[in-house]
1. Is it the case that S176 is open to solvent by 20 Å² or more (accessible area, probe 1.4 Å) and in a loop (DSSP other than H, G, I, E, B)?
2. Which residues, taken from segment 68-116, are open to solvent by 30 Å² or more (accessible area, probe 1.4 Å), over 24 Å from D166 (Cα atoms), in a strand (DSSP E or B) and not aliphatic (A, V, I, L, M)?
3. Can you pull out the residues in segment 258-281 that are in a helix (DSSP H, G or I) and surrounded by fewer than 16 Cβ atoms within 10 Å (Cβ to Cβ)?
4. Taking segment 311-345 as the region of interest, how many residues are buried (at least 17 other Cβ atoms within 10 Å of the Cβ), under 18 Å from D258 (Cβ atoms) and polar (S, T, N, Q)?
5. For segment 117-133: of the residues being hydrophobic (A, V, I, L, M, F, W, C) and surrounded by fewer than 18 Cβ atoms within 10 Å (Cβ to Cβ), which is farthest from G191 (Cα to Cα)?
6. Given the conditions (1) under 25 Å from N322 (Cβ atoms); (2) open to solvent by 80 Å² or more (accessible area, probe 1.4 Å); (3) in contact with a strand residue (DSSP E or B) (Cβ under 8 Å, 6 or more places away or on another chain), which single one is not true for N235?
7. Using the structure shown, decide if S226 is farther than 30 Å from C133 by Cα, in contact with a strand residue (DSSP E or B) (Cβ under 9 Å, 6 or more places away or on another chain) and among the polar types (S, T, N, Q).
8. Can you say whether E308 is modelled with pLDDT of 95 or more, closer than 25 Å to G212 by Cβ and either surrounded by fewer than 22 Cβ atoms within 10 Å (Cβ to Cβ) or out of contact with any Asp or Glu (no Cβ under 9 Å at 6 or more places or on another chain) (or both), as far as the supplied structure shows?
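The values are calculated or read from the model by the stated rules, or taken from the named source; none is laboratory data. What you see is a predicted model, and the numbers here were worked out from it, not measured in a lab. Quick reminder, even Gly has a Cβ in these numbers, built from the backbone with ideal geometry, and neighbours come from all protein chains shown. Ligands, DNA and RNA are excluded from the accessible area calculation, which covers all protein heavy atoms including side chains. Shrake-Rupley method; radii C 1.70, N 1.55, O 1.52, S 1.80 Å.
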Amino acid sequence: MGRMSISCSGSGSEVRGLTYKDAGVDIDAGSELVWRIAKMAPGIGGFDGLYPLGDSYLVAGTDGVGTKLKLAFETGIHDTIGIDLVAMSVNDIVTSGAKPLFFLDYFATSNLDVDLAEKVIKGIVHGCQQSDCVLLGGETISSPYFAFDHFQLNIMGETATAEMPDFYAKGEYDLSGFAVGIVEKNKVINGKSIEAGDILIGLPSSGVHSNGFSLVRRVLSQSGLSLNDQLQNNNGKSITLGEALMAPTVIYVKQVLDILSEWDVKGIAHITGGGFTDNIPRVFPSGLGAKIFIDSWEIPALFKWLKEAGDIEDSEMRRTFNMGIGMVLVVSKDTAPGILLECQGSAGAYRIGEVVVGEGVQYV
């Protein structure tokens with residue numbers, strides 16, 4: 001496979017690999033927009049938003065699943081994309097230590113295919129079950145309520161379905177979701193106590209999760225392979241590229257809340273768009289950065305294939321994909337051994353780095 005793009009400088013030329021920007025996504029532009037919005041609405045820029053409510057905060061997050069939907073259309077795998085949708089919001093709000101309360105979804109399509117929509121909603125239901133929250137469903141469902149110390153919050157919602165035949169291609173749909181959770185004010189995870197020498201613990205991902213798919217699709221189209229081809233060098237496990245790429249995003253809610261019930265965690269970063277490079281520093285106080293030990297966990301075969309097939313540079317991989325780690329916890333040196341030992345018997349965890357003086361992320 002040949003090189004994807006060439007940039008010229010002076011009389012010579014520099015050959016480089018495929019980038020996320022080549023695939024149509026400019027992370028720098030996205031960061032610039034967040035910065036501009038933050039000037040108008042201070043407090044924006046974290047993984048979620050907090051609203052004071054008595055002795056607690058309501059914590060909200062919203063997201064979609066991006067162009068992973070394109071692969072859902074191509075593979076016909078629709079019953080897990082709803083898990084991705086729920087995961088992208090609840091994984092964001094749990095970074096503040098919040099327990100998800102409820103989830104709302106929005107399903108838009110050209111013309112409603114009831115059987116297909118049922119598969120999508122089934123995945124959303126499973127995602128809500130995994131995160132122990134309520135899906136606020138159709139109008140015929142009785143409205144749930146949540147009891148707090150001094151009042152009850154009554155909520156009435158519906159699963160919104162919009163048919164727009166002149167807007168979406170036939171047989172295609174789009175999704176978005178909204179999650180709201182709650183955390184006591186004295187238990188908020190905000191990163192303020194993070195200091196140099198703290199340990200970074202990584203929780204494994206199931207694959208690409210739900211970001212970077214514009215680049216994934218560009219790599220796939222250039223590779224000459226199809227979604228039905230086998231993923232090679234996958235530790236002897238047989239799986240097609242389509243199946244590997246469509247693996248649903250891990251929902252970390254129960255694992256993280258279990259850890260928080262026993263251990264002091266200073267900061268939590270959800271590794272989505274921007275990878276390690278952009279997401280981990282978001283939880284640090286000014287003047288601190290991260291040192292990542294690149295050999296501290298096994299990079300899954302899918303990421304190795306993407307790097308090789310797309311001739312993607314390491315720096316670009318680390319700023320686009322999660323590389324096998326979907327959530328990062330920042331803890332003290334004394335706390336880290338207990339969490340690592342506890343996680344050995346469940347989903348697993350790795351000591352992937354440490355907090356250092358100086359901003360940014362370095363890889364060693």
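1. Judged against the criteria, S176 is not a match.
2. K99, the sole residue that qualifies.
3. As a first pass, look at segment 258-281 and keep what is in a helix (DSSP H, G or I): 258-262, 275-281.
D258, S261, E262, listed by residue number.
4. Adding up the residues that qualify gives 1.
5. Applying the first criterion (hydrophobic (A, V, I, L, M, F, W, C)) to segment 117-133 yields 117, 120-121, 124-125, 128, 133.
Going one step further and asking which of them are surrounded by fewer than 18 Cβ atoms within 10 Å (Cβ to Cβ), we end up with 117, 125.
Numbers: A117: 40, V125: 32 Å.
My answer is A117.
6. Of the numbered conditions (1) under 25 Å from N322 (Cβ atoms); (2) open to solvent by 80 Å² or more (accessible area, probe 1.4 Å); (3) in contact with a strand residue (DSSP E or B) (Cβ under 8 Å, 6 or more places away or on another chain), the odd one out for N235 is (3).
7. Values: farther than 30 Å from C133 by Cα: yes; in contact with a strand residue (DSSP E or B) (Cβ under 9 Å, 6 or more places away or on another chain): yes; among the polar types (S, T, N, Q): yes.
Yes: the conditions hold for S226.
8. Details: modelled with pLDDT of 95 or more: yes; closer than 25 Å to G212 by Cβ: yes; either surrounded by fewer than 22 Cβ atoms within 10 Å (Cβ to Cβ) or out of contact with any Asp or Glu (no Cβ under 9 Å at 6 or more places or on another chain) (or both): yes.
For E308, the condition - modelled with pLDDT of 95 or more, closer than 25 Å to G212 by Cβ and either surrounded by fewer than 22 Cβ atoms within 10 Å (Cβ to Cβ) or out of contact with any Asp or Glu (no Cβ under 9 Å at 6 or more places or on another chain) (or both) - is met.
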